[in-house]
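First the structure, in the form of structure tokens, and then the observations on it.
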Amino acid sequence: MADPRVANLARTLVHYCTEVKPGEQVGIISTTKAAPLVEEIYKQVLGAGGHPHVHLQQEELAYHLFTLGNDEQVQEVPLFQDKVMREYPVLISIRAATNTRALTGVDPARQALRSKAMGPMLKEYRRRSAEGELRWVITLFPTHSHAQDAEMGLTEFEDYVYGTTYSNAEDPVKEWNRIHDMQQRIVDHLAGKKHVVVKGPNADLKLSIEGRKFINSDGKRNMPSGEVFTSPVDDSADGWIRFTYPAIREGREVDGIELHFEQGMVVKATAEKNQDYLLQMLDIDEGARRLGEFAIGTNKMINRFIKNILFDEKIGGTIHLALGASFAEAGGVNQSAIHWDMICDMRDGGTIHVDDELIYDSGEFKV
């Protein structure tokens, strides 16, 4: 029997997140493991009058590309993905891994080579997104691999995913509108502010947000969501921060990261695990050593670390910073081939002052 929560999630993705309109080309990208959700999305897009185009990847092929392919092959941009990001008005991406650590043994230099090659495509993707030419959303379909990372059984993990996306609710859109309204009050309070100071057991960091805009992440682009974010002034970061959760990228888990900033640049970076990979990513391009994002997670439904950034960065009581590409819609100008989110728990005495006003203490907003 089909899980009705899958159909609910598909409806949310098509009608709330991306608002598919008649005649629009819709790219749907995932893996073969997400077939049940892809089928429901396909039907919903047809019902909305759109034209669905599906690309299902086989994860194992990426490993073969990195280990068997020459440099030219590794740097080849996928044609379907390139066309969707440059031309389509709608993109729905579904993460559904069979093995989230499949690329752990790949040479980081090979991954860096590919990341750099994807840079121009991703730059155009971000531009179109910022200018309203592309509506996109990323979500996750529960698999055994993701459940294992979360240290849950598949059934428990399905409940977690469909609970945090409100796919088990009678009216998921009503719930996301409620979250939007709650976060909008925070965004409005932060409008026009200039200086941010983050302090606590794991941070002593100053940032400028002068001329920048906080964005209300209400499930339109990430499903689930629950954060407010901006892009700091490029040369403003000064101080240090220690990230309390592993940062996971391309199948690698980098643990115990500590970054030191001067005039916006990472001048010292250490990690307890996979430090070589961290340093390799920082050297992809100049923009990789600058901050592209400062964000505060607000979603109290997301209450545990599951080793999946789509969920983990939204944990209520945490902040996250991203190295690399910034958000033009927030006023950001930093460019990079990477955008790497890293999370710091603030519930143990962390504070945020904005223009000398205490707005956040130990994981709770004070405004």
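The values are calculated or read from the model by the stated rules, or taken from the named source; none is laboratory data. The structure presented is a predicted model; accordingly, all values stated were derived computationally and were not measured. Virtual Cβ from ideal backbone geometry, glycine too; neighbours counted across all protein chains shown.
Details
- Scope segment 16-36; condition buried (at least 19 other Cβ atoms within 10 Å of the Cβ) and over 20 Å from the mean Cα position of the chain (by Cα); matching residues: VAL20, VAL26, LYS33
- Members of segment 58-91 that are more than 22 Å from GLU124 (Cα to Cα) and either modelled with pLDDT under 95 or part of a helix (DSSP H, G or I) (or both): GLN58, GLU59, GLU60, LEU61, ALA62, TYR63, HIS64, LEU65, PHE66, THR67, LEU68, ASP71
- Looking across LEU13, LEU37, LEU46, one residue alone is aliphatic (A, V, I, L, M) and more than 17 Å from THR164 (Cβ to Cβ). It is LEU46.
- Single unsatisfied condition, THR155 versus (1) assigned by TED's automatic domain parsing to the domain that holds PHE305; (2) surrounded by fewer than 15 Cβ atoms within 10 Å (Cβ to Cβ): (1)
- Boolean, THR139 is under 22 Å from SER30 (Cα atoms), without any contact (Cβ under 8 Å) to a residue 24 or more places away in the chain and either of a type outside the set (Asp, Glu) or in a helix (DSSP H, G or I) (or both): no
- Of all residues making up segment 92-112, the number that are within 19 Å of ILE338 (Cβ to Cβ) and modelled with pLDDT of 95 or more: 2
- Considered as a group, the residues in segment 235-274 that are among the acidic types (Asp, Glu) and over 21 Å from LYS307 (Cα atoms) include one that is surrounded by the most Cβ atoms within 10 Å (Cβ to Cβ), and that residue is ASP238.
- Restricted to segment 42-54, and to residues there that are in contact with a helix residue (DSSP H, G or I) (Cβ under 9 Å, 6 or more places away or on another chain) and surrounded by fewer than 16 Cβ atoms within 10 Å (Cβ to Cβ), the residue that is nearest to HIS15 (Cα to Cα) is GLY47.
- Residue-level check: of (1) of a type outside the set (Lys, Arg); (2) within 30 Å of LEU79 (Cα to Cα); (3) not in a loop (DSSP other than H, G, I, E, B), LEU207 misses just (2).
- Number of residues in segment 124-144 that are in contact with a Phe, Trp or Tyr (Cβ under 7 Å, 6 or more places away or on another chain), surrounded by 21 or more Cβ atoms within 10 Å (Cβ to Cβ) and of a type in the set (S, T, N, Q) equals 0.
- Looking only at residues in segment 134-149 that are under 18 Å from LEU37 (Cβ atoms) and aliphatic (A, V, I, L, M), the one that is farthest from the chain's Cα centre (by Cα) is ALA147.
- Exactly one residue out of GLU227, GLU258, GLU250 is over 21 Å from ARG126 (Cβ atoms) and in contact (Cβ under 8 Å) with a residue 12 or more places away in the chain, and it is GLU258.
- Between LEU259, LEU310, the distinction of being under 13 Å from the mean Cα position of the chain (by Cα), among the aliphatic types (A, V, I, L, M) and closer than 30 Å to ALA191 by Cα belongs to LEU310 only.
- Residue match in segment 236-252 (condition: among the polar types (S, T, N, Q) and within 23 Å of ILE338 (Cα to Cα)): yes
- Among the residues listed as ARG86, ARG101, the single one being within 21 Å of the chain's Cα centre (by Cα) and under 28 Å from GLY132 (Cβ atoms): ARG86
- One residue from THR67, THR98 being polar (S, T, N, Q), in contact (Cβ under 8 Å) with a residue 12 or more places away in the chain and surrounded by 15 or more Cβ atoms within 10 Å (Cβ to Cβ): THR98
- Applying the condition of being β-branched (Val, Ile, Thr) and under 23 Å from THR98 (Cα atoms) to segment 215-256 and asking which residue is modelled with the highest pLDDT yields VAL254.
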